[in-house]
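The next block holds one structure in the form of structure tokens; read it before the comments.
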Amino acid sequence: MLYNMNFNEWGTNWGLCVDTDVCKASVEELDQDHRLVNAWGSITQTDDRSLLRGWYRFKNGFEKMPETCPIANSCGSLKPGYLSQPHPEIGEGIVERKVCFGDADQCCSSSRDVLVKNCGTHFVYRLYPTTTYEKYCVEESSTTMCNANAYTELDDDWRGDTLPRTDEKRDDTLLTAGNWLRFTNYLGRMPEYSMSIHSCGFYYPGYLRGTHPTRAQGLVNYDICWSTSMTNQDQSCKQAQVRNCGSYYVYRMIKPPSCSTDSVSHRISVRTPET
């Protein structure tokens, strides 16, 4: 196709571009761990408002965007983004796809059109700046947190949900927020019911509000609550995530509520066998 243009009428600083093969071109690489599907927005929350328009390649996880709706608070964002249509096959060239950004209420509360190309060994994406809370996610294994090096084991005998309070000071306010935890003693899981204050060996015992997920449910958002009086139930709670790893569960949570005195503490409990 021929074009007849008079650049003299435009002044300076104007130029014509030529198309290149984006699979061979040097494109911007994105490798931030907070983009991974299993990254938790409650701990690391960012968005892509400052992302420049251009071609990108993901270099961590499975190096591609997910094609299914992540759960709320994934990818280190309140509104995680995923491709609502399948990735293109090799030979399809550059195709247009829709990225949906979901929230706690719906999987596609907003969307944006992007361009994608299958380069054989990887995908490249032409991305655009987002609005507040929206972020482009990267797919990763749904069982990453089940790997032995991904969680911290808790095997303290005093965590048993039937144990009475003692005078020895122990609590969980020093646990690192956002780390994955696994109980390795007793029944290996948290109680699913509120307990009386002074259970679990100390003042405020923590329990899971709701029923543990099945393995097929994958990563699930929950609340972990603490009994702070004889009648308190489901009131002193913090956000958490739970994954069924087959023969055991792993938990991730925000820090327990802090206290103003050294004499009061919070701890998470582990279910003991019934006698």
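A few points about this structure:
- The set of residues in the stretch 118-145 being over 23 Å from P213 (Cα atoms) and either touching a Pro at 6+ places or on another chain (Cβ under 9 Å) or of a type in the set (V, I, T) (or both) consists of N118, T121, F123, V124, T130, T131, T132, E134, K135, Y136, C137, V138.
- Test for M190: is it buried (at least 18 other Cβ atoms within 10 Å of the Cβ), modelled with pLDDT under 80 and assigned to a loop (DSSP other than H, G, I, E, B): no
- Residue list for the stretch 116-149, restricted to those being touching a residue at least 60 places away in the same chain (Cβ under 8 Å) and among the aliphatic types (A, V, I, L, M): V124, L127, V138, M145
- Verdict on A104 being crowded, with 16+ Cβ neighbours inside 10 Å and not in a strand (DSSP E or B): no
- Scanning the stretch 107-149 for residues that are closer than 14 Å to K59 by Cβ, surrounded by fewer than 20 Cβ atoms within 10 Å (Cβ to Cβ) and hydroxyl-bearing (S, T, Y) yields a single hit, T121.
- From the options K79, K64, residue that is closer than 18 Å to H34 by Cβ, open to solvent by 60 Å² or more (accessible area, probe 1.4 Å) and at pLDDT 95 or above: K64
- Residue match in the stretch 195-206 (condition: open to solvent by 20 Å² or more (accessible area, probe 1.4 Å), closer than 19 Å to S42 by Cβ and in a strand (DSSP E or B)): no
- Within the stretch 32-52, being farther than 16 Å from G81 by Cα and either surrounded by fewer than 10 Cβ atoms within 10 Å (Cβ to Cβ) or modelled with pLDDT of 95 or more (or both) holds for one residue alone: L52.
- Looking across E89, E67, E63, one residue alone is under 30 Å from A177 (Cβ atoms) and either of a type in the set (A, V, I, L, M, F, W, C) or more than 14 Å from the chain's Cα centre (by Cα) (or both). It is E63.
- Filtering E134, E139 for residues that are of a type in the set (D, E), touching a Lys or Arg at 6+ places or on another chain (Cβ under 8 Å) and within 11 Å of P70 (Cα to Cα) leaves a single hit, E139.
- Odd one out for P88, checked against (1) open to solvent by 20 Å² or more (accessible area, probe 1.4 Å); (2) farther than 16 Å from Y136 by Cβ: (1)
The values are calculated or read from the model by the stated rules, or taken from the named source; none is laboratory data. Everything quoted here is computed from the prediction, not taken from an experiment. For neighbour counting, all protein chains shown are included, and Cβ atoms are generated from backbone atoms with ideal geometry for every residue, glycine included. Note: areas computed on protein heavy atoms with side chains; ligands, DNA, RNA excluded. Shrake-Rupley method; radii C 1.70, N 1.55, O 1.52, S 1.80 Å.
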